[in-house]
Amino acid sequence: MLDNWGRSFQTSHTMTAPRWITVAVFSIAAEFLFAADIAPAKQGADLLKTDIMGIFAHPDDETGMAATLAYYSHGRGSVVASIYCTRGEGGGNMAGTHWGPSLGVLREAELRDGLSTLGVRYCYFLDQVDWAYTESAAMTLQKWDREEALRRLVRLVRALRPDVIVTMNPTPRPGQHGHHQSAGILATEAATAAADPSRFPDQIVSEGLGAWQVRKLYYTGTGPGIQAAIQVTDSLTNGTTPAEIAGLALANHRSQAFGNFSRAAWLRRPQVFTLIKSAVPWVQEESDLLRGLPIENPRTPFAAEEQDRPKSMPVSLVFRPRPAIVRFREWALAQGIPQMAESLTSDIPVVAGESNAIQLEIENRTSAPVSGVVRFSFRQKPHPPGGVALPRNPDIRAAQQHSPTEKGRQVPDSQPTAVEAILDSWTVTPGISECRIPANGRIVITLDIAPPSDALEEASVTASGEFAGVTHEAVARLHPVPKTLVPKIETPPILTRFDESWRALPVHLVTRSDLVQGRVIDSTDSQAEFRLAHDGRNLYAAVEVSDESVVSNIAPNDIRGHWRSDSVEICIDPNPGSEHTLGCFKLGIFPFDTAGTVRAARDADANQGPVEVTAPGTRIHSERTPTGYRILAAIPFSEIGFDPRNTRRLGFNLIIYDGDKADAAIGENINESRIAWASQSGVQGRPEDWGRLDLE
């Protein structure tokens, strides 16, 4: 019938109208007649319905699952949305001089180009501030508006109605950015809150949204529970692979030095996700994030997998870990995912050469008092084969000897016995403790643990308690942090010349054994020695760096992001052992910018920005040496926020950043390695693990 109508229309009008009009009218008519066979366009809430939602902290955080998102969007036709807590304005910039909010504008543009390539349909931001690198989720959520961020995220979950949420693992492991942890925390809470009409009810009453129950929640990477491995190298119908698409997409993050990611080998590896909560019945193995979906009305509660966990022991022993782990354990329990915290050990920094108070909690979960004996023992991690063990504190004045007659501090209902456990000069007092714990009660035993002054390798302490014939254990990982005594001088040293006044000060080494990140070939590649002094008003530092290829690729108008090039970072904590850096003084020093001038900027601390603005009283000098370069610095205690009349101890670290790319582009990130006086993964953002300075 259509053909006849078309032929009749064309025949009756050919002689009276131009051919282009005939074709146009025919096309309009055909479109009108075919409309009944075309699916109606989605509108309203149906337009927003999403299969997979990724929740991240910064633009480029989708890197770890980019190939997976490409697989589902291009290969499965899935609707994918990405939510970002920040616009990444606190990061570095390897492609220009944009900084702060302007960098956020640039990174959003890069991100949208990348997501378009990945096939991600929706992109939204929670408009939280990206303020610096930290390893503290607590500080991040305090700096952000946690409740408002959660409100905005719940709104997006209710509006987009994702079946699956994939997010970053919030576990506070060393090296895990606090912003990444916080994105995972907010995603986990939002997955539950969005289904609860009592949470943010104004969205339901005033905004036309409804409660929505996410069907699955995944964290990136492996963890306790069922894992799904997504293959990303199988060809799609267009002939490309998800890994290839991901490489092209991620290359858009040029300000973050991702321009060469398109051929990265690691993009071709299977991407692994751990199923944390599900409203879909659990199975033993998964290979598809959308397994069992869609379902209209899930009958399985949205919860973690029920596991055969060990029955609660009548008596529990646990070493009190760092505050971040304590909080995470409490949070994981409240979220119904205690398994996420079970693998976390009590990881405790201990200052070398002095007694450290470590607390062991013993809880009695029975209705009757119990008595028993707790014994403490050490195990030391062996030094890596071929490693070089050099003393951290050659100056003997830095070592404060531990007295073997010190006794453990007693608490009610415990009777420590003054016996020491000893391993390679590590000591713990008491070595044995007789305890009595009241019914449904808890006691605390405070141990004094003293590593030797030159301790390098971590150790573990085990508490083994026998109660009612049953043995219970707790283990804590102990990693020593160095300390030294800073001599007081009457005459300030000359800051423009390394003379005898500097040479007379005690020397401290930072070698390739003190590796934080990357690889150091030998002592000519990256090594440092430093000297410290004070005069009651200033801290003086001389840092001599061995570096066979000193690179100066940072322009005078781009003094920030010291990790991009050869640099020295001086980290000072006026309250030693802080959880985060917001009260600290962190100074990144470029020995030479492209004009040959020494420059510096504060980073990730209480007052970020160029030193001329944020610490105008700080003075720095640099000079080349036959083996590298030397930095001389004078930092007023007033700019650190420290008054030596009130206390004599500071937290301190020195980090050496090295990159050997002689033809580096201006502003390019060439970082190859980091070594530090106190060396732990991610130590630049974790003052707890910095060393200690005692002022003479």
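The values are calculated or read from the model by the stated rules, or taken from the named source; none is laboratory data. Values in this document were obtained by computation on a predicted structure and should not be read as measured data. Cβ placement follows ideal geometry from the backbone for every residue including glycine, while neighbour counts extend to all protein chains displayed.
The figures follow:
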| item | result |
| --- | --- |
| Out of Q284, Q335, Q307, Q339, sole residue that is over 30 Å from I362 (Cα atoms) and not charged (D, E, K, R) | Q284 |
| Criterion: surrounded by fewer than 20 Cβ atoms within 10 Å (Cβ to Cβ), hydrophobic (A, V, I, L, M, F, W, C) and at negative phi - qualifying residue of A606, A600 | A606 |
| Among the residues listed as A211, A228, A257, the single one being touching a residue at least 24 places away in the same chain (Cβ under 8 Å) and touching a Ser or Thr at 6+ places or on another chain (Cβ under 9 Å) | A228 |
| Verdict on L153 being touching a helix residue (DSSP H, G or I) at 6+ places or on another chain (Cβ under 7 Å), closer than 19 Å to W331 by Cβ and buried (at least 22 other Cβ atoms within 10 Å of the Cβ) | yes |
| Test result for A109, part of a helix (DSSP H, G or I), of a type in the set (A, V, I, L, M) and touching a residue at least 60 places away in the same chain (Cβ under 8 Å) | no |
| L115, sole failed condition from (1) within 30 Å of P556 (Cα to Cα); (2) more than 20 Å from the chain's Cα centre (by Cα) | (1) |
| Check on S182, within 23 Å of E330 (Cβ to Cβ) and surrounded by 19 or more Cβ atoms within 10 Å (Cβ to Cβ) | yes |
| Test: H508 is modelled with pLDDT of 95 or more, under 35 Å from the mean Cα position of the chain (by Cα) and of a type outside the set (D, E) | yes |
| Any hit, segment 269-288, residues being free of Cβ contacts under 8 Å to residues at least 40 places away in the same chain and closer than 22 Å to I165 by Cα | yes |
| Residues (among the hydrophobic types (A, V, I, L, M, F, W, C), out of contact with any Pro (no Cβ under 6 Å at 6 or more places or on another chain) and in a helix (DSSP H, G or I)) located in segment 43-96 | A45, L47, L48, M65, A66, L69 |
| Scan of segment 427-459 for residues that are under 31 Å from the mean Cα position of the chain (by Cα) and more than 30 Å from P369 (Cβ to Cβ), ordered by number | A450, P451, P452, S453, D454, A455, L456, E457, E458, A459 |
| Qualifying residues in segment 664-696 (those that are under 30 Å from H98 (Cα atoms) and acidic (D, E)) - the one modelled with the highest pLDDT | E672 |
| Subset of segment 447-471 (residues that are farther than 15 Å from E354 by Cα, assigned to a strand (DSSP E or B) and touching a Pro at 6+ places or on another chain (Cβ under 9 Å)) | A459, F467, V470 |
| Verdict on S464 being polar (S, T, N, Q), buried (at least 20 other Cβ atoms within 10 Å of the Cβ), in the same structural domain as G353 (by TED's automatic domain parsing) and under 30 Å from S425 (Cα atoms) | no |
| Of residues in segment 522-549 being among the hydrophobic types (A, V, I, L, M, F, W, C) and either at pLDDT below 95 or more than 29 Å from the chain's Cα centre (by Cα) (or both), the one nearest to P487 (Cα to Cα) | A533 |
